[in-house]
Ligand SMILES: Cc1cc2nc3c(=O)[nH]c(=O)nc-3n(C[C@H](O)[C@H](O)[C@H](O)COP(=O)(O)OP(=O)(O)OC[C@H]3O[C@@H](n4cnc5c(N)ncnc54)[C@H](O)[C@@H]3O)c2cc1C
């Protein structure tokens with residue numbers, strides 16, 4: 001059966017590999033020259049930059065993905081565990097570094113808040129239960145029927161999963177110290193919403209970040225993409241790049257062909273992994289869409305971001321691989337971008353310096369630096385704003401590092417809302433899809449199936465299970481399983 005996957009990011013590649021293994025004749029059609037979607041990579045002068053993801057969390061999800069093909073992550077890339085995993089910089093310029101050993105983490109907590117190591121144990125035991133429960137069942141469900149939730153005993157475990165309480169309150173119940181609270185609140189910022197709006201279920205993220213630890217694929221995050229592309233090719237998947245899908249042709253409620261700017265591709269099944277809103281609004285006629293524009297307008301989107309890829313002509317001693325500049329008011333940043341939907345007045349930002357770990361991403365003596373500010377999706381984007389925030393970040397970096405950085409910048413490229421729209425057809429230029437609020441979790445996500453077209457499916461960060469690389473990998477697996485059940489190969 002001819003199966004077309006629209007988009008070659010993590011979800012598209014994952015679905016493609018699964019379906020090819022099950023015997024489907026799979027082609028990936030990707031609009032950009034390079035596959036990888038938000039996880040593309042580019043080289044310039046003496047530097048190699050990952051364009052998107054940099055935090056390799058939930059390592060078991062990646063391993064499990066490759067194991068299904070009797071392979072391991074180590075067949076495709078070398079993974080190192082970072083120690084420290086990351087550091088957080090506070091407004092008094094005090095820094096907390098998270099050790100990779102759990103025993104050392106307990107010692108660190110004890111030093112900051114006496115008595116907190118026992119609380120941490122309890123907090124992480126609960127978080128581990130949620131992680132295991134989610135990974136064993138919840139996260140692999142297609143979210144198309146509420147019966148799934150009965151099947152996996154979610155109602156029996158509702159109290160333990162803490163679906164209805166707020167994550168912020170959950171953290172506050174355990175810890176008094178403000179810095180500890182901020183440290184533990186940070187992982188759910190990946191889910192695209194404020195800790196007080198996030199269900200306490202998501203302490204599972206803290207379990208991954210603090211107990212499982214932070215990993216790095218040598219050569220950069222894109223190594224995971226190139227590994228998956230190699231696996232796809234080994235399984236017979238054909239990959240076409242620079243092919244922008246412009247229309248899905250439908251007859252008798254069946255999609256029979258897609259049209260790109262150069263040609264048409266016949267299909268028995270279509271899996272759309274590009275941004276959901278774009279597929280529905282640009283590639284389908286209105287009678288075939290699952291959702292209206294009003295529906296999308298009401299959804300809570302994760303932030304977009306302003307990014308800078310910088311090449312620095314010297315080493316920056318005070319930075320480590322992952323640095324979180326929480327030296328501004330977190331509540332104010334959250335209010336600015338989620339409630340007021342403005343550019344943050346005094347933003348928190350993230351500085352990633354992979355050249356601390358990986359000599360292949362910068363020449364000796366130089367630093368590869370990636371800066372990120374989360375901003376509201378749909379924010380105004382122009383050169384003036386980008387430059388204003390660039391100067392602001394460099395100033396704060398220089399203050400923390402105690403040295404001039406501006407004059408050592410030998411490569412600089414920015415990326416923001418307009419680029420997300422142009423490169424990925426991203427709704428409002430979102431970076432991470434939909435926020436994981438309670439009513440945008442599991443069965444409440446945009447559906448993985450098209451209700452009006454019998455052979456059209458969706459995958460990726462805008463449907464189940466949600467944003468982030470591990471969920472996108474899982475999303476591809478979930479859709480492939482569903483297709484194998486509904487469209488059996490004779
Ligand atoms: C800056 C940034 C940092 C991030 N950091 C992390 C992190 O540290 N850890 C983590 O786990 N996650 C992180 N994420 C999130 C993670 O990268 C995404 O959730 C994940 O990559 C999404 O994969 P996807 O396949 O759903 O979508 P995408 O990667 O967007 O793939 C969709 C593909 O569809 C293609 N496409 C779009 N329209 C068309 C069309 N008309 N025709 C053909 N193809 C089309 C796009 O070009 C793209 O290649 C980050 C994201 C960003 C942007």
Rounded, prolate or oblate (a/c below 1.5 giving rounded, otherwise prolate when a/b exceeds b/c) for the stretch 230-310 by Cα gyration tensor:
oblate
Mind giving me the nanometre distance, one decimal, between the label points for residue 103 and residue 177, set 7 Å out from Cα along Cα→Cβ?
2.0
Over the chain, what is the relative contact order in percent, taking alpha-carbon pairs closer than 8 angstrom and at least six residues apart?
24
Tell me, 249, 333, 278, 384 in order of fewest to most beta-carbon neighbours within 10 Å?
384, 249, 278, 333
Any chance you could get the radius of gyration and Dmax over the Cα atoms of the stretch 108-261, in Å?
21.4, 68
Can you pull the semi-axes for the stretch 177-298, root of five times each eigenvalue of the Cα gyration tensor, sorted largest first, whole Å?
38, 24, 11
Taking Cα pairs closer than 8 Å and at least 6 residues apart, the relative contact order of the stretch 101-212 in percent is 35
Stretch gain in nm, segment residue 234-residue 93, where the contour uses 0.36 nm per residue and the Cα spacing is subtracted
45.8 nm
Three-way shape call for the chain based on the alpha-carbon gyration tensor, with the a/c threshold at 1.5
prolate
In deg cm²/dmol, rounded to 500, what helix-only [θ] at 222 nm does the chain give when every DSSP H run of at least 4 residues adds -39500 (n - 2.57) and the total is split over its residues?
-9000 deg cm²/dmol
What order, most packed first, do the peptides 453-464, 135-146, 315-326, 192-203 have when packing is the mean number of other Cβ atoms within 10 Å of each residue?
453-464, 192-203, 315-326, 135-146
In what sequence, highest mean first, do 227-237, 466-476, 355-365 appear when ranked by Cβ atoms within 10 angstrom?
466-476, 227-237, 355-365
For the chain, take the longest principal axis of its alpha carbons; what is the angle in degrees between that and the long axis of helix 116-136, to the nearest 10 within 0 to 90?
10
What does the convex hull of the alpha-carbon atoms of the stretch 301-424 project to on average, in nm²?
7.8
Calculate, in nm to one decimal, what residue 111 and residue 313 gain on full extension: separation in residues at 0.36 nm each, minus their alpha carbon distance.
69.0 nm
Degrees, to the nearest 10: 102-112 long Cα axis against longest axis of the chain:
50
Give me 250, 409 sorted ascending by neighbouring Cβ count inside 10 Å, so fewest comes first.
409, 250
Tell me the label-point distance for the pair residue 406, residue 2, using the 7 Å Cα-to-Cβ offset, in nm and rounded to one decimal.
5.8
What share of the DSSP beta bridges in the chain is antiparallel, in percent to the nearest 5?
70
To the nearest 0.05, the calculated FRET efficiency linking residue 285 and residue 145 through their beta-carbon distance, R0 being 30 Å, is 0.65
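Each value in this text was obtained by applying a stated rule to the coordinates, not by laboratory testing. Note that the coordinates shown come from a computational prediction; the quantities given were computed from them, not determined experimentally. Methodologically, a virtual Cβ is constructed for each residue, glycine included, from the backbone with ideal geometry; neighbour enumeration extends over all protein chains shown.
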